[in-house]
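What follows is a short report on a single structure.
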Amino acid sequence: MSFWEFFGIKRCRGFLKDPLFYIAVALALVFYGVLMLTTHHLPFITSKPVYKILVSQLFLVAFPEEFFFRGFLIPFIREYIPYQYLGISMANIISAVIFAGLHILYHPFLWAVGTFFPAILFGYFREKHDCLWPAVVLHYIYNVGYFILF
């Protein structure tokens, strides 16, 4: 296995034909709805230039975070803890716990804990397609929608 393949950086087009991937995209809308109901906050279009959100979320957030947490951490942990439960690997769960735990440093507690569930979803698609790109795309969509709407 090459260095790049270990991280899941390879050609991966199958996820675009996966109906579950589109359900995961739609879950972002559910996430925004729950966020509105629980925070009593109505979404608005941000005053920040949208192009800055689009570029920064891809290159400064979604790709680097996915490269580390789903690209490196999941395969690394899976080599030592290869167990799965209900189609979710322990490596994915551990990676998601670490991901959410690190968000506690920069976000309110409940928001940080809430990142656990999308992290499981991103990891699921990274493992299902043995490729990093589905996780990057989902992370990007979730973050862009949030930062444009809230």
So residue 23, is it of a type in the set (Val, Ile, Thr), under 16 Å from residue 141 (Cα atoms) and crowded, with 16+ Cβ neighbours inside 10 Å | no
How many residues of the range 76-94 are hydrophobic (A, V, I, L, M, F, W, C), within 20 Å of residue 118 (Cβ to Cβ) and more than 19 Å from the chain's Cα centre (by Cα)? The answer is 1
Quickly run through the range 77-116 and pick out the residues that are surrounded by fewer than 13 Cβ atoms within 10 Å (Cβ to Cβ) and within 20 Å of residue 27 (Cα to Cα).
-> 86, 87, 110
Is it true that residue 144 is in a helix (DSSP H, G or I) and surrounded by fewer than 18 Cβ atoms within 10 Å (Cβ to Cβ)?
-> no
Give the range 3-31 a look and list any residue that's under 16 Å from the mean Cα position of the chain (by Cα) and at pLDDT below 85, or say none.
-> 31
Name the residue, out of 23, 53, that is more than 22 Å from residue 125 (Cβ to Cβ) and either free of Cβ contacts under 8 Å to residues at least 60 places away in the same chain or part of a helix (DSSP H, G or I) (or both).
-> 53
Which listed residue is closer than 21 Å to residue 18 by Cβ and not basic (Lys, Arg), from 105, 86 = 86
Taking the stated definitions as given, is residue 89 modelled with pLDDT of 95 or more, in contact with a Gly (Cβ under 9 Å, 6 or more places away or on another chain) and under 21 Å from residue 3 (Cα atoms)?
-> no
Within the set of pairs 6+ apart or on separate chains, which have a first residue in the range 57-75 that is within 16 Å of residue 145 (Cα to Cα), a second that is assigned to a helix (DSSP H, G or I) and among the aromatic types (Phe, Trp, Tyr), and C-beta atoms under 7 Å apart?
-> 57/140; 57/147; 58/140; 62/140
How many residues does the range 114-150 hold that are in contact with a Phe, Trp or Tyr (Cβ under 8 Å, 6 or more places away or on another chain) and at positive phi?
-> 0
Among the residues of the range 26-50, write down those that are outside any helix (DSSP H, G or I), of a type in the set (A, V, I, L, M, F, W, C) and surrounded by 11 or more Cβ atoms within 10 Å (Cβ to Cβ).
-> none
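The values are calculated or read from the model by the stated rules, or taken from the named source; none is laboratory data. In this text, all values refer to a predicted model and were calculated from it rather than measured experimentally. A quick note on method: Cβ atoms are made from the backbone with ideal geometry, for glycine too, and the neighbour counts reach across all protein chains shown.
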